[in-house]
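Q: Pasting a structure here, questions to come.
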Amino acid sequence: MHLRYLLAACMPLALVTICGCGDNTAAVGAATPSSSDAAAGITRVKVVTPEVTTLRRTTTQPVTVFPYHQADIDAKVSGYVIKLNVDIGDDVRPGDVLAVVDVPEMADEIRQQEAVMTRLHAEEQQAAAAVTLAEANVKAAEASRTQAQSEIAKSDADLKARQVEFDRVQELVGRRALEARMEDEVRQRLESAQAAKSAAEAAVGASEAHVTVAEAKLQAARADVDRAAAETAIARRQMERMQTLLNYATLTAPFAGTVTARSVDLGDLVTNSQSASGHRVPLFSVGQLDRVRVQVAIPESDASWTTVGDAAFVRLSALSGRSFEGKVSRIGRSLDASTRTMLAEIDLDNPDGALLPGMYGEATIVLDEKADALVLPAVTVRFDAEGKATVYTVDDAGVVQTVEVAVGVDDGRRLEIQSGLSPEARVIEGMLDRLTPGQQVEITE
């Protein structure tokens, strides 16, 4: 009980000491109380009321301008530059010839391959003719086989007739109706017919063999055709590959743009870019400049707020007074481990060419926007260790109250109050952690 009276007696002295710290007190918004106020223990405070306005969360970061497309043109073959059609600053269209490299040894190889193609084509035709001949031989052998088979039928019929004749004559001779010599004559004719049939059967076998040989030769001829066609196809592919390599000797523009760099001159020897080692300077650089990419590194704290389509305002140091409005066109969706930033790109049209690659400036990106938001200055909101937000309010009787609020969009100076506070509330400005609920205060202008 005595301790309570002691604290009550000491409080005015403490308040006088706190309020007497001139500049520090002014920094947090409290006015210096009069001696009578101090004696009465009443603190004078300033209050603000929430404002209904449009609140934006933005981030402003350095930017660099890049071409919308950038291509480094190099040679894939080695040779001497015999044509040089462009210089830095020249506008080019897709397919325009920038330079031509002379590769005479490759042209010689193509001519040699053309001769090989001619020879292989002749061999292919020869193989096709051999197939035609083999097919004719097969048909001839089959015709011979057919003829031999018909001879068998004929000899078989003759043999049967001779056999009948022999049997009849032999019977008559046995009855002594004919002389014995007649049987000998008929037997000779029968044996002759038997021999003729055997010869016909042998001829059929030979013709079958001829057919088999002719068909085998036909298959071999067809295989020769396939082999010749395959060799021709291989030679054709080699020819096409050589022609493709020779086409690389003509350096062309990949898209419509401007030649931004040239490191080759007429008569220079250029080497195959794929076989070169170490740092290599491209022969040409072509950039699309009628539209540019503005690259910005978004810090980790703002990365999760950044989305494609966010409004962006770009200002460049070299173009003072000009602001370019665009939108975030794409984001990296991951942080660079070394910088803890996320890459974002803003596409800007550049019809007058004022935006040059390499220009430096800054971009302000609108990360979030809330219309008709209830807004308080950031200095009026207190956050505890758990992240809960509270404000001090003053009622009509001048008594301090603690109100827990939910905050939303933060633009760095002001906070959106989503719930917990009415638009008519009087919120103490400053004095954070120096007031207690139920404390009597006096509002000052």
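Q: Report every pair of residues separated by at least 6 positions or lying on different chains whose Cβ atoms are under 9 Å apart, first residue within region 355-379 and among the aromatic types (Phe, Trp, Tyr), second open to solvent by less than 40 Å² (accessible area, probe 1.4 Å).
A: Partner pairs satisfying both residue conditions: Tyr360/Val63; Tyr360/Val65; Tyr360/Leu316.
Q: From the list Val314, Val308, which residue is touching a residue at least 12 places away in the same chain (Cβ under 8 Å), open to solvent by 30 Å² or more (accessible area, probe 1.4 Å) and at negative phi? So that I can check it myself, show each step before the final result.
A: Working: Val314 fails: open to solvent by 30 Å² or more (accessible area, probe 1.4 Å).
Sole residue among the options that is touching a residue at least 12 places away in the same chain (Cβ under 8 Å), open to solvent by 30 Å² or more (accessible area, probe 1.4 Å) and at negative phi: Val308.
Q: Right, something else. For region 87-95, check the following and say yes or no: at least one residue is in a loop (DSSP other than H, G, I, E, B), at pLDDT 95 or above, more than 31 Å from the chain's Cα centre (by Cα) and exposed (fewer than 13 other Cβ atoms within 10 Å of the Cβ).
A: Checked against the condition, which is being in a loop (DSSP other than H, G, I, E, B), at pLDDT 95 or above, more than 31 Å from the chain's Cα centre (by Cα) and exposed (fewer than 13 other Cβ atoms within 10 Å of the Cβ), region 87-95 yields at least one hit.
Q: Given the options Glu123, Glu109, Glu114, Glu135, name the one that is closer than 25 Å to Leu269 by Cβ and open to solvent by 60 Å² or more (accessible area, probe 1.4 Å). Break it down into steps so the answer makes sense when it comes.
A: Values: Glu123 fails: closer than 25 Å to Leu269 by Cβ; Glu114 fails: closer than 25 Å to Leu269 by Cβ; Glu135 fails: closer than 25 Å to Leu269 by Cβ.
Glu109 is the lone residue from the list that is closer than 25 Å to Leu269 by Cβ and open to solvent by 60 Å² or more (accessible area, probe 1.4 Å).
Q: Being surrounded by 14 or more Cβ atoms within 10 Å (Cβ to Cβ), modelled with pLDDT under 85 and hydrophobic (A, V, I, L, M, F, W, C) narrows it down to one of Ala148, Ala71, Ala75, so name that one.
A: Details: Ala71 fails: modelled with pLDDT under 85; Ala75 fails: modelled with pLDDT under 85.
After ruling out the rest, the residue left standing is Ala148.
Q: Please give the number of the condition Leu55 fails out of (1) open to solvent by 40 Å² or more (accessible area, probe 1.4 Å); (2) at pLDDT below 90; (3) within 46 Å of the chain's Cα centre (by Cα).
A: Every listed condition holds for Leu55 apart from (1).
Q: Please work out if Ala261 is in a helix (DSSP H, G or I) and surrounded by fewer than 16 Cβ atoms within 10 Å (Cβ to Cβ).
A: Spelling it out, it is not the case that Ala261 is in a helix (DSSP H, G or I) and surrounded by fewer than 16 Cβ atoms within 10 Å (Cβ to Cβ).
Q: Let me ask something else about it. Determine which single condition Arg237 fails, assuming it passes every other condition in (1) in a loop (DSSP other than H, G, I, E, B); (2) at pLDDT 85 or above; (3) open to solvent by 70 Å² or more (accessible area, probe 1.4 Å).
A: Exception for Arg237: condition (1).
Q: Here's a follow-up. If the requirement is being modelled with pLDDT under 90, loosely packed, with under 15 Cβ neighbours inside 10 Å, farther than 30 Å from Asp91 by Cα and in contact with a Leu (Cβ under 6 Å, 6 or more places away or on another chain), which of these qualifies: Ala378, Ala373?
A: On the way: Ala373 fails: loosely packed, with under 15 Cβ neighbours inside 10 Å.
Result of the check over Ala378, Ala373: Ala378.
Q: Between a first residue in region 46-62 that is within 15 Å of Ala363 (Cα to Cα) and a second residue that is among the hydroxyl-bearing types (Ser, Thr, Tyr) and in a strand (DSSP E or B), which pairs have beta carbons less than 9 Å apart while being 6 or more apart in sequence or on different chains?
A: Taking only residues 6 or more apart or on different chains, the pairs are Thr58/Thr364; Thr59/Thr364; Thr60/Thr364; Gln61/Thr341; Gln61/Thr364; Pro62/Tyr360.
Q: Of these, Ala216, Ala297, Ala221, which one is among the aliphatic types (A, V, I, L, M), surrounded by 17 or more Cβ atoms within 10 Å (Cβ to Cβ) and farther than 30 Å from Met342 by Cβ? Reasoning before the result, please.
A: Details: Ala216 fails: surrounded by 17 or more Cβ atoms within 10 Å (Cβ to Cβ); Ala297 fails: farther than 30 Å from Met342 by Cβ.
On inspection, the qualifying residue turns out to be Ala221.
Q: All but one of (1) crowded, with 19+ Cβ neighbours inside 10 Å; (2) out of contact with any strand residue (DSSP E or B) (no Cβ under 7 Å at 6 or more places or on another chain); (3) of a type in the set (Val, Ile, Thr) hold for Val270, so report the exception by its number.
A: Exception for Val270: condition (2).
Q: Answer yes or no: is there a residue in region 427-435 that is surrounded by 18 or more Cβ atoms within 10 Å (Cβ to Cβ), more than 55 Å from the chain's Cα centre (by Cα) and part of a loop (DSSP other than H, G, I, E, B).
A: There is at least one residue in region 427-435 that is surrounded by 18 or more Cβ atoms within 10 Å (Cβ to Cβ), more than 55 Å from the chain's Cα centre (by Cα) and part of a loop (DSSP other than H, G, I, E, B).
Q: Would you tally the residues in region 249-267 being farther than 12 Å from Pro282 by Cβ, over 26 Å from the mean Cα position of the chain (by Cα) and polar (S, T, N, Q)? Lay out the reasoning, then the answer.
A: At the first step, the residues of region 249-267 found to be farther than 12 Å from Pro282 by Cβ are 249-250, 252-258, 265-267.
After this cut, where a residue has to be over 26 Å from the mean Cα position of the chain (by Cα) as well, the list is 249-250, 265-267.
From the residues that got through so far, the ones that are polar (S, T, N, Q) too are 250.
Of the residues in region 249-267, 1 are farther than 12 Å from Pro282 by Cβ, over 26 Å from the mean Cα position of the chain (by Cα) and polar (S, T, N, Q).
Q: Scan region 391-414 and give yes if some residue there is under 21 Å from Ser301 (Cα atoms), part of a strand (DSSP E or B), open to solvent by 30 Å² or more (accessible area, probe 1.4 Å) and not hydrophobic (A, V, I, L, M, F, W, C), otherwise no. Let's see the steps before the verdict.
A: Within region 391-414, the first condition is being under 21 Å from Ser301 (Cα atoms), and the residues that meet it are 406-414.
So of that shortlist, the ones also part of a strand (DSSP E or B) come out as 406-410, 414.
After this cut, where a residue has to be open to solvent by 30 Å² or more (accessible area, probe 1.4 Å) as well, the list is 406-407, 410, 414.
Still in the running and not hydrophobic (A, V, I, L, M, F, W, C): 410, 414.
Looking through region 391-414, at least one residue is under 21 Å from Ser301 (Cα atoms), part of a strand (DSSP E or B), open to solvent by 30 Å² or more (accessible area, probe 1.4 Å) and not hydrophobic (A, V, I, L, M, F, W, C).
The values are calculated or read from the model by the stated rules, or taken from the named source; none is laboratory data. Bear in mind the structure is a predicted one, so any value in this text is a computation, not a measurement. Reconstructed Cβ throughout: ideal geometry from the backbone, glycine too, with neighbour counts over all protein chains shown. Quick note on the areas: whole protein, heavy atoms, side chains included, nothing else; ligands and nucleic acids left out. Shrake-Rupley method; radii C 1.70, N 1.55, O 1.52, S 1.80 Å.
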